[in-house]
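Participant: Below are the structure tokens for one structure; questions will follow.
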Amino acid sequence: MYEPFFGLNGEPFSVAPDPRFMYLSAQHLEALRQVEIGLRGGGGFMLLTGEVGAGKTTVWRSFLEQLPSNWDIATVVNPKLGVDALLARIMEDLGVELALEGTRDPIDALHGHLLLAHARGRRSLIVVDEAQALSVPVFEQLRLLTNLVTADRKLVQVLLIGQPELHDLLERPELEPLASRVVGRHHLGALPAEETRRYIAHRLAVAGNGGPPPFDDEAMAKVHVLAGGLPRRINVLCDRALLAAWQVRQRRVGTALVDRAASEVLARPAHARQPARGASAPPDATRRAADDTPVAASARPALFAYGVAAMLGLALVASPWIRDVVGTGSEDRPVAASPAAPGVADAHESLPASVPLVSGTSPLTDGPPALATPVAAAVIASSAAQLSAEDLGGVFGAAATDEVAAWRVLAGMWGTSLGAGEPCVAAAQAGLGCYRGRGGLAPIRILRRPAILILQDDRGRVAYAVLTALFEAEALLRVSAIERRISLPLLARNWRGEFATLWRTPPGWSGDMLVAEGSPVAHWLDGRLDLVDPGGHGRPLSQRVFAFQLAQGLSPDGLAGPQTLMQLNRATGIDEPKLRLP
């Protein structure tokens, strides 16, 4: 309407996103840098916050244009979606296909898709706009998705974009597990006065203005104050001020026209407005009129330190553990048929890592697999007594130092009763293998099975406890047939990361990772691999094992050792006790 009057060839201050008018201030560029650092580091969550109209969408669109072509993006723009609708949206954007009969669990389908994408060198990102409006269950589902990991990185990362109250929301106790996974935060504030001037001049120039801007210096200063330095509100005010100038055939826009525009598009008179949040932020009513959005709470970034993770040397990704246990050619060493000494000669050292530790709210019961229900788990968790530092010494009594007793407790979870003699010999007769490792809770979580923890106190005394459940801040141990809860810091002070567990062996398995073609183990492997990769049928077995390891995030070597076989059991639904983790 007013464009020809001012010599323009387009609307300079439309609120509709247009990449031609993109203006990246210093803080917008810093936001881009912070998001890039977060993604490059492979972390779980990144936060980008700002007032309504601060330019969050501008930053995201600019970042999207710079992403390499091997990134798959799922965008959630409706924060009111429930958990099921959220998953459906993510899976649609990422191209995840569910079985026609609809019986496959969507998380399993998404996990398999992400593993294949990872094997092909692709990466996945979920972007959620208006994240401050998400419900707690949706936040929790997003957190659980970041539990999907490979040996060296998360399979999916999440960028949360929202208003400043998103920081306050993440300070709520029920969202602390998610907040602890935030690896990068950036808040977009208001433009400073000089940046506001440049912003106005930039948009006018893109629209065809070849001379001085029609706004005089005082008018641009007034726009800055009234709009609070927020780009969207600057657009609204400038657009209405130019319209007012055109209506009176005035080619220069002064403060009077800006005040007139403000009185029309902002709910309160111009003289009644004072900047909130210093010189940049507008008052509540200004926000409501210009954006029809409630005032955001002030940003108070929450800082959550997970010192327990550092003490235990854990990583959700657990890449050092995978490299040591899997990638050395002896990835999966089974335990000899006799209980090892507390030192565990064949245990693999792991390197400490800094990513937050395991999570899960559904523990494992101590009965056979069929009895491992959430209700039973909740009963056990609530009834188990807390193990304090004062009575921890009692754990190292005579009963708890009996390793054979611990193996019998563990075998009971597999529905097996071990007789007299060496536990692993008896377990082998029941089709079970013993496995020992070290590396903290991260490898246990990847294995998703109960395990014997080898504890040691300050006096060097050794005790054995069966880990039956994991929570955010504590673990559930069975000590001398009694369930006890223990905080993770207390566990960290008395555990060196050594563990032992059981796994179901293939028929005819002798412990040799070099499987002979035509052997019973080879036939079993081919049949199991057909379930997860039917297209690979007929290929050499070592190639199929290699491909499976790659898809599972293991360092591939083509050798079928216990780690690989445990993952294959899990992937193909072999009946085994599981830690009921997300």
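Participant: Treating cross-link reach as a plain straight distance, find the lysines whose alpha-carbon is under 29 Å from the alpha-carbon of residue 222, omitting any fewer than eight places away in the same chain.
Facilitator: 56
Participant: With bins 10 Å wide starting at 0, give me the P(r) of segment 26-188 over every alpha carbon pair, in whole percents.
Facilitator: Taking every Cα pair in segment 26-188, the percentages come to 10, 41, 37, 10, 1, 0.
Participant: For segment 1-93, what is the Kirkwood hydrodynamic radius in Å, using each pair of distinct C-alpha atoms?
Facilitator: On the way: mean 1/r = 0.0624 Å⁻¹.
About 16.0 Å, per the Kirkwood formula over Cα pairs.
Participant: Something else about it: Out of every Cα pair in segment 130-230, what percent are spaced more than 22 Å from each other?
Facilitator: Working: 2661 of 5050 pairs.
Pairs farther apart than 22 Å: 53 percent.
Participant: Tell me the Kirkwood hydrodynamic radius of segment 415-471 in angstroms, computed as one over the mean inverse distance between distinct C-alpha pairs.
Facilitator: On the way: mean 1/r = 0.0751 Å⁻¹.
With all distinct Cα pairs of segment 415-471 included, I get 13.3 Å.
Participant: Something else now. Could you tell me the convex hull volume per residue, in Å³, taken over the Cα atoms of segment 461-582?
Facilitator: Numbers: hull volume 18.1 nm³, N = 122.
Spelled out: Cα convex hull of segment 461-582, divided by residues, is 148 Å³.
Participant: With just the Cα atoms defining each centre, how far is segment 428-452 from segment 86-160? Give it in Å.
Facilitator: Distance between centres, Cα-based: 27 Å.
Participant: May I ask you to list the trypsin sites (Lys or Arg not before Pro) in segment 195-274 that are in a DSSP loop and have at most 12 other Cβ atoms within 10 Å of their Cβ? Intermediate results must be reported in sequence, preceding the final value.
Facilitator: Numbers: sites: 197, 198, 203, 222, 232, 233, 240, 249, 251, 252, 260, 273; in loops: 249, 251, 252, 273.
Those that pass, being in a loop and sparsely packed, are 249, 251, 252.
Participant: So what is the orientation-averaged projected area of segment 182-228, using the convex hull of its C-alpha atoms, in nm²? Let's see the in-between values first.
Facilitator: On the way: hull surface 17.9 nm².
With the hull built on Cα positions only, its mean projection is 4.5 nm².
Participant: Something else: What dipole magnitude, in Debye to the nearest 20, does segment 26-188 give about its Cα centre under +1 on Lys/Arg Cβ and -1 on Asp/Glu Cβ? Display every interim value, and only then the final one.
Facilitator: Numbers: 16 positive and 21 negative charges, 108 e Å.
Dipole magnitude for segment 26-188 comes out near 520 debye.
All of the numbers you see were taken from the coordinates with simple rules; none came from a lab. Quick caveat: nothing in here was measured; it's all calculated off a predicted structure. All Cβ positions, even for glycine, are placed from backbone atoms using ideal geometry, and neighbour counts span all protein chains on display.
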